[in-house]
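Report on the following structure.
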Amino acid sequence: MIDALQLLWIPFVAAVLLTGIHTYLGIHVLARNVIFVDLALAQIAALGASVAFILGYPPQSVGAFAYSLAATLAGAVLLAFSRRVSTRIPQETLIGIVYVVSAAVALLVVDKSPQGAEQVKQMLVGSILTMTPADLLKLAAIYTSIAILHWLLRRPFLAASFARDGAAHWGWDFLFYALFGVVVTSSVAVAGVLLVFSFLIIPAVIGVLFCTSVRGRWLLGCLAGSAASAAGLAASFAWDLPTGAAMVCAFALALVLAGSVRWMGRTAGIGKRLLHSAHIGGAALLILSGAWLVLQPRADHPLLDTVEVVWPGARAVFLSAEQARELAEAELAATQDEAEAARLNAKERDSRWEGAPLTDEELRRLSSYVQSFNEMAKGERFVAREMRNRARARQRWVLGIPALLIGIALLFPRFGPGIRGTALTRA
């Protein structure tokens, strides 16, 4: 836990900063109905960074930031102008064209570079885990300055975004997109194109689902975005996943949960909807699990496996005393063999990191021991699986058919009256 906090506190604070500024900008973007403007500006910023990379500037240097910002400001001019000509061509169409062309040019720029593939990956997913306290302070200073400007100019900006006729002065549009571009340029270098888009749109959408005021949307979006960021970072650390992709998936899950809560609360109380959904879902789970156990007793059964994890002795109930003893011995031996293999692997890894590498003979011997322990563990797991299959053969009749019938009985009160009512009506 301490290692996780030491590694993740800076990325989490950065994610909170990203959530705060991007949620507010996302509210404007949704009001303007230019959903993909962030992707377009982010891709333009990435194009500028790619040009700087080809010219020899390090990715986090001042020169790279200057090239990204210059490209983004040029994009801001184009996007501000596009609103003037969008009476015949939807502005979203022009934004999509800008994004596609920017992405294509960026690929052409990095194509000849020996590290072009790595640069493209960097543009997409960023490097939020490698941030330092100095990077965090610089990001906070930039976002605070932009937030102050937005607060001072909130009236014309809100009027331009929420005007029903879409009319706005070109200068205010350009200033909005220019400030937007500064934020995006800073964000892409940290989080990448995909995660920046998630920060911009998803928290704002969650805020719009439940609130009508700008302040309420921003506060709720910040809470949801911070929670999703924490979940994504935790999942990345726990399961060794790519951080940016894990955070994007966490944002998507947050949106799904928010949408579900919104749907359940539209016409009835949330508790009633949750209870109804749990009823139907539980009945369906029983039906599917029971039918699957009857038809394929030797296959994996997630519901039974979960019960056996909570109550390890559940499987032994369906085995004879001798079979239950063989199962316990096999599982214990497999656990011990796997632990010994892991210990030997750790010994070899530690020898490399501590500067005292093993000799070739020691490595061969260690590799042979690890392979032997892994093979023995596989054999013990095979025995345990065979005991599980014997238990399943008995569970299919004792548990499978009752689960199937109970699931149908739980569903019948929900669907039976409706079916009977329809039949009576037709009669």
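The values are calculated or read from the model by the stated rules, or taken from the named source; none is laboratory data. The model shown is predicted, which means the values in this text are computed figures rather than measured ones. Note that each Cβ is placed from the backbone with ideal geometry, even for glycine, and that neighbours are counted across all protein chains shown.
Right, A178: at pLDDT below 75 and either within 25 Å of the chain's Cα centre (by Cα) or in a helix (DSSP H, G or I) (or both) or not?
no
Yes or no, residue by residue, for (1) part of a helix (DSSP H, G or I); (2) more than 19 Å from I148 (Cα to Cα); (3) modelled with pLDDT of 90 or more; (4) aliphatic (A, V, I, L, M):
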residue	(1), (2), (3), (4)
L7	yes, yes, no, yes
A14	yes, no, no, yes
T23	yes, no, yes, no
V34	no, yes, no, yes
A40	yes, yes, no, yes
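Residue under question is L194, and the condition is that it be modelled with pLDDT under 85, touching a helix residue (DSSP H, G or I) at 6+ places or on another chain (Cβ under 9 Å) and farther than 26 Å from D305 by Cβ; does it hold?
Numbers: modelled with pLDDT under 85: yes; touching a helix residue (DSSP H, G or I) at 6+ places or on another chain (Cβ under 9 Å): yes; farther than 26 Å from D305 by Cβ: yes.
It is true that L194 is modelled with pLDDT under 85, touching a helix residue (DSSP H, G or I) at 6+ places or on another chain (Cβ under 9 Å) and farther than 26 Å from D305 by Cβ.
Can you pull out the residues in segment 198-220 that are farther than 10 Å from A258 by Cβ and of a type outside the set (V, I, T)?
S198, F199, L200, A204, C211, S213, R215, G216, R217, W218, L219
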